[in-house]
Amino acid sequence: MRPSSLVLLAGAVSAPAVAGTVTVTVPRLNVAEYHRPYVAIWLEPVGGGAARTLAVWYDVKKTGNEPGTKWLSDLRAWWRKGGRSLKLPADGVSGATRAPGQYTIPLPADIKPGQYVLNVEAARETGGRELVSVPITAAGGRATGKSELGAVAVTR
């Protein structure tokens with residue numbers, strides 16, 4: 001496990017195909033030089049299979065020699081799971097970086113029944129990197145980051 005990552009793994013039970021929401025908290029950090037984090041949110045089947053990106057927050061307006069997409073590989077876990085093959089900007093997925101606060105996004109309504117883990121990864125310039133994994137149960141799930149991410153909750 002990487003020291004800057006928080007990975008919570010618990011036994012997940014089969015989750016029905018019911019829409020819900022994901023709530024992600026970007027904490028306010030008391031640092032000299034604050035940059036909004038890049039964040040990737042994705043679902044993975046517990047037994048393996050293709051990851052499904054739900055949201056990627058990055059500097060969508062930055063272009064030129066160093067476009068905003070240049071640093072998406074800093075979201076290392078997401079990048080390896082499928083970020084590198086995602087054509088960006090992606091409708092309904094890409095969005096601007098977010099200021100500290102709490103943000104809610106919908107879970108896709110077409111998720112097939114099964115066991116899933118929701119992953120939220122954040123990386124910040126002159127800051128750290130953190131991964132929070134939340135096993136999704138029939139009731140949802142919850143975990144809390146230690147630095148770059150606050151509470152992450154799935155409500156079913």
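The values are calculated or read from the model by the stated rules, or taken from the named source; none is laboratory data. Source: prediction; values computed, not measured. Glycine also receives a Cβ, built like all others from the backbone with ideal geometry; neighbour counts cover every protein chain displayed. When the accessible area is computed, the model is the full protein with side chains, heavy atoms only, and any ligands, DNA or RNA have been set aside. Shrake-Rupley method; radii C 1.70, N 1.55, O 1.52, S 1.80 Å.
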Please count how many residues of the range 34-58 are buried (at least 19 other Cβ atoms within 10 Å of the Cβ) and in a loop (DSSP other than H, G, I, E, B). 3
Looking at (1) closer than 23 Å to Gly49 by Cβ; (2) modelled with pLDDT of 95 or more; (3) touching a helix residue (DSSP H, G or I) at 6+ places or on another chain (Cβ under 7 Å); (4) not polar (S, T, N, Q), which is the one condition that is false for Leu88? (2)
How about the range 100-109: which of its residues are hydrophobic (A, V, I, L, M, F, W, C) and either under 15 Å from Val152 (Cβ atoms) or without any contact (Cβ under 8 Å) to a residue 24 or more places away in the chain (or both)? Ile105, Leu107
Any residue in the range 75-99 that's within 11 Å of Val56 (Cα to Cα): show its pairings with residues that are among the charged types (D, E, K, R) at Cβ separation under 7 Å, as long as the two are six or more apart or on different chains. Leu75/Glu121; Trp78/Glu121; Thr97/Arg36; Thr97/Asp59; Arg98/Arg36
Determine which single condition Ala10 fails, assuming it passes every other condition in (1) open to solvent by less than 80 Å² (accessible area, probe 1.4 Å); (2) at pLDDT 90 or above. (2)
Confirm whether Gly114 is at pLDDT below 95, touching a Ser or Thr at 6+ places or on another chain (Cβ under 7 Å) and over 12 Å from Thr23 (Cβ atoms). yes
Checking Thr69 against (1) farther than 24 Å from Ala153 by Cβ; (2) open to solvent by less than 60 Å² (accessible area, probe 1.4 Å); (3) of a type outside the set (A, V, I, L, M); (4) not in a helix (DSSP H, G or I): exactly one of these is not met. Which one? (4)
Enumerated strands (runs of 3 or more DSSP E) restricted to the range 100-149, each holding at least 3 residues that are of a type outside the set (D, E, K, R) and surrounded by fewer than 15 Cβ atoms within 10 Å (Cβ to Cβ): 101-106
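Among the residues of the range 74-125, count how many are of a type in the set (Gly, Ala, Ser) and more than 13 Å from the chain's Cα centre (by Cα).
Number satisfying all stated conditions: 8.
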